[in-house]
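Notes to accompany the following structure.
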Amino acid sequence: MTGKLHRASGSDPLRPFPRRVLHPRSLWLRYPAAPPRGLPSPATPRESPPRIISPPQSHRCQGSCGWLLAAICLLLAATWAGALEAPAAVDAFDTPDDAGGSITVRWPRVAEEEEVVYQVSVALTPEGPFYPVAEVKAAPGADSHYQIQASEYTAPDSTGTAPIENDKAYYFHVDVWRGGGVAEGQVLAQARAEENLFNWSKLNNFILGSAFSFIILGCIALARRRDLYIRRIAGLEALDQALGRATEMGKPVLFIHGLQTMDNVSTIAAVNILGRVARRTAAYDTALRVANNDPVVMAVSQEVVKEAYLEAGRPDAYNPDSVYLAATEQFAYAAALEGLMVRERPAAHILMGYFYGEALLLAETGSTTGAIQIAGTDSYTQLPFFVTTCDYTLMGEELYAASAYLAREPRLLGSLKGQDFGKAVLIAVLVGGALLATCGVQALTLAFTAH
């Protein structure tokens, strides 16, 4: 601290007191001696405050402070290093409900987890060497343990990873890293990966699937004893009317597939409807045109139409050229059919399957020719165009139910009614599960969760 300025001889009239380093234990004050009791105290100038005198050994006090600070730092470092310890227990076991090739490693949290990283290592023998499997950064959470599923580890040559093999012993331990310090794990856990025969986590899927299968089988058995009710579908009821109109006018019937391949559900449903239409045209002796854009769908359609004519007792009326490949490209396919509509002017257009942007082109051209049009698709983006340009439209699952509706076979009717019962159960579970989950009960939600 700087003292009070005073006069001094020399060129500098004012010079401050020299700066000194003070220590609390080395400070002392010099005050004037108190006068005897009863005598007046001598006059003391107000300008003379008590002087603080620092002993000349203050530099030794400064060195003592430095050593004390260093000792505190070493003590804190020792305390920090002493808190770093490896997990007291490590468990390793085969991952349940899998096809093998995975081992689950589990270990408890350490006492001090600030900036801690757990490193899991594996070896083929207890003596090592150990290879890294995974690093887990400590994170706050309610769980008292960490857990990983080890399916591979760093290869010994460090060029890639090696998989965990089945029926082979592996040894795991967990090290703890923090900063530059490490606490090596001393606990070894041995485990083998094995294939599991059953995946018990999917037990609910098995139970629900079996229950729905028994419902469908029960409905099929019921359909064989009595006629099951199916609501009226206007588009299918009008199918016979459209075929009868084409017969009266002496014009052909045009059946148009969508653009999907044979593995699509809507294409399979369309082929089933084609069989029904072909039996009617064979019975009415009406010409049938079936346009395709996929060779496989064309081959299947040829066999379906041929079998339908054979069942109707008119195998001689079948013409293989009536089922043909119009084009394989989308708009080339649409252009070919539009030309056919304008040239031959069929009396009935039946569009069944999955359609894209060509749907409006075909339906609008068909409506200008005056033909009766019945469409069916599960493409929700094209349904508005069919609804506005066609006389009848099968929407979504009505296309799937068409074969059972037209054939009235017990197996098809029973399957259809069984699926309806299953949908009713799922809707009830959906509503009930939402209400129970709102009240905090998750049992129904977990029972119907797919794994």
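A few comments on the model shown:
- Matching residues in segment 274-305 - criterion: being free of Cβ contacts under 8 Å to residues at least 24 places away in the same chain and either loosely packed, with under 15 Cβ neighbours inside 10 Å or closer than 16 Å to residue 260 by Cβ (or both): 299, 303
- Options 394, 399; residue that is assigned by TED's automatic domain parsing to the domain that holds residue 243, within 30 Å of residue 359 (Cβ to Cβ) and at pLDDT 90 or above: 394
- Residues that are out of contact with any Asp or Glu (no Cβ under 8 Å at 6 or more places or on another chain) and not in a helix (DSSP H, G or I) are absent from segment 417-437.
- Number of positions in segment 130-154 that are part of a loop (DSSP other than H, G, I, E, B), under 20 Å from residue 94 (Cα atoms) and not small (Gly, Ala, Ser): 1
- If you go through segment 315-344 and pick out every residue that is touching a Pro at 6+ places or on another chain (Cβ under 9 Å) and either among the basic types (Lys, Arg) or closer than 19 Å to residue 294 by Cβ (or both), you end up with 4.
- For segment 351-392, a residue qualifies if it is within 24 Å of residue 243 (Cβ to Cβ), assigned to a loop (DSSP other than H, G, I, E, B) and either in contact with a strand residue (DSSP E or B) (Cβ under 7 Å, 6 or more places away or on another chain) or among the β-branched types (Val, Ile, Thr) (or both), and the qualifying residues are 353, 354, 355, 369, 371, 390, 391.
- Single match in 309, 324, 318 (criterion: surrounded by fewer than 19 Cβ atoms within 10 Å (Cβ to Cβ) and of a type in the set (Ser, Thr, Tyr)): 324
- Residue within segment 420-429 that is farther than 22 Å from residue 245 by Cα, crowded, with 21+ Cβ neighbours inside 10 Å and of a type outside the set (D, E, K, R) present: no
- Scanning segment 229-270 for residues that are hydroxyl-bearing (Ser, Thr, Tyr), farther than 24 Å from residue 419 by Cα and part of a helix (DSSP H, G or I) yields one hit, 247.
- Residue count for segment 219-228 satisfying the condition of being out of contact with any Gly (no Cβ under 8 Å at 6 or more places or on another chain) and either in a loop (DSSP other than H, G, I, E, B) or within 13 Å of residue 421 (Cβ to Cβ) (or both): 2.
- Scanning segment 81-93 for residues that are touching a residue at least 12 places away in the same chain (Cβ under 8 Å) and either more than 20 Å from residue 167 (Cα to Cα) or buried (at least 17 other Cβ atoms within 10 Å of the Cβ) (or both) gives 81, 83, 84, 85, 86, 87, 88, 89, 90, 92.
- Total residues in segment 231-244 satisfying the condition of being in contact (Cβ under 8 Å) with a residue 24 or more places away in the chain and more than 23 Å from residue 304 (Cβ to Cβ): the figure is 1.
- Restricting attention to segment 161-196 and to residues that are under 26 Å from the mean Cα position of the chain (by Cα) and part of a loop (DSSP other than H, G, I, E, B), the residue that is surrounded by the fewest Cβ atoms within 10 Å (Cβ to Cβ) turns out to be 195.
- Enumeration of residues in segment 430-445 that are closer than 27 Å to residue 199 by Cβ and surrounded by fewer than 11 Cβ atoms within 10 Å (Cβ to Cβ): 443
The values are calculated or read from the model by the stated rules, or taken from the named source; none is laboratory data. None of the values given here were measured: they were computed from a predicted structure. Because the Cβ atoms are built from the backbone with ideal geometry, glycine has one as well, and the counts that use them run over all protein chains shown.
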